[in-house]
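Here the structure comes first, spelled out in structure tokens, and everything after it is commentary.
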Amino acid sequence: MNDRTHVPIDGTGTGACDAARAAILIVDDAPEYLTLLGELLDPFYDVRVARSGARALALAMAQPPDLVLLDVMMPEMDGYAVLAALRRDPRTSDIPVIFVTGLEGADDEHRGFALGATDYVVKPCNAAIVLARVRLHVELKHARDRLREQNAALANEVAQRTLVEDEVRSLNTKLRARTEALERSVGDLGAFSYSVSHDLRAPLRTIAGFAELLVEAESANLSEDGRGLVGRILAGVRSMDRMIADILAYSSVEESVLRLSPVDLRAVALDVVRDLAPVYPAAEIVVGALPTVVADAAMMRQVYANLIGNALKFSGRAAHPRVDVDVDRDSAEGDAPVLCVSDNGVGFETRAAHRLFGLFQRLHAQADFPGTGVGLAIVKRLVERHGGTIGAESAPGVRTTFRFTLAPQTVAPRRDNK
């Protein structure tokens, strides 16, 4: 053995430190061929060498190379046995193996290829042929490795997509179930509304009828306390009847068909003011230049009737009650104006604002300000039916403002209202 060679026997060449280079394992019991092939390949590859089949298998299993140059004729364990062992182990089964041999018989080639050899190089070796074939099979192996990685990534992506599709199907199933449950709830609500309007109102009318008959027929025989009790019965009946009417109005918001058409909001607000102003003769009501929008006229009238009526009721005790119906020009953006109704009434505390639009939510005592607590809940649903939002802010006793929007596509071209 030539001790001056820089490729050691049964070890690793100087290229070992370069992790980016392909690893080549050279297996031959002849030191001169180890040296020859090692010096040929070391400038380009990470070269490892082994003098026996057993040592070659140990090196290959510990750190699988990218290619093996394998001598066929070796004592104890020949190249065929080494190749068969490499092909049996999953860690080394796909490593390209080039036989380096002095055998030139067709039977030897067939046997090698049958065991899984990649190529043959006949001794004595031609350097250019060795380099070309090593380069070719290393590149093919790297291409296969990349393809395998891409296939694995694709398989993972397919698996992830399958999981997502399964999740979507599951969510769709849940959505269908919730939709069906909602449809049943809507149906139940319709049945409840029918029951409220017929089954509950009928006994109320009976109670009211007999109470009124009692007052008319037996008034002379009733004491003052008795007449007061009958009056409380009638008041309770009227209160319950108003609550039932509001419940029906709230439930009808969802059932009503949205009939869109150009609606002059100023004309709607002025019409509402004409109806409500006589009830609040001391109030000053100012209607500004409201836009024309594409909306349901009946629903817009109900929105303004509830908001203006609410403002008049809660500002009724002010020294100079005032209600403003206008557009908040500081908040308006393009064709999506912010509509507002303001008053100088008692208002509400900021911490209670989240309760304003809840069904049957009241922020003031019934004795101070009568009502069922349904009006603002109806307004909220009507605004939402038009794709808008509503909110409110208040400085109690100074200014309370309700602001609402409609979906941009429902707003018609703006024009001045005279």
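Bear in mind these aren't lab numbers, they're just calculated from the coordinates by the rules spelled out. These numbers come from a predicted model, not from an experiment. All Cβ positions, glycine included, derive from the backbone under ideal geometry; neighbour counts span all protein chains shown.
Tabulated data for the structure shown
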| quantity | calculated |
| --- | --- |
| Efficiency of FRET between Ser261 and Arg329 - r from beta-carbon atoms, R0 22 angstrom, step 0.05 | 0.30 |
| In nm, spacing of pseudo-spin labels at Glu39 and Ala217 (7 Å Cα→C-beta vector) | 13.4 nm |
| Computed label-point distance, nm, for sites Leu204 and Val164 using a 7 Å Cα→Cβ extension | 5.4 nm |
| Rounded to whole Hz, the Karplus (6.51, -1.76, 1.60) HN-Hα couplings of region 301-306, x for glycine and proline | 5, 5, 4, 5, 4, 6 |
| Inter-label distance, nm, simple model (7 Å from Cα along the C-beta direction), Thr350/Ala336 | 2.5 nm |
| Potential lengthening between Ala54 and Val122 on full extension [0.36 nm per residue; Cα-Cα distance subtracted] | 22.2 nm |
| Val100 long-range amide H proximity, modeled H, under 5 Å | Leu70, Asp71, Val72, Val121 |
| Order of Phe99, Phe357, Phe113 - criterion: other Cβ atoms within 10 Å of each residue's Cβ, fewest first | Phe113, Phe357, Phe99 |
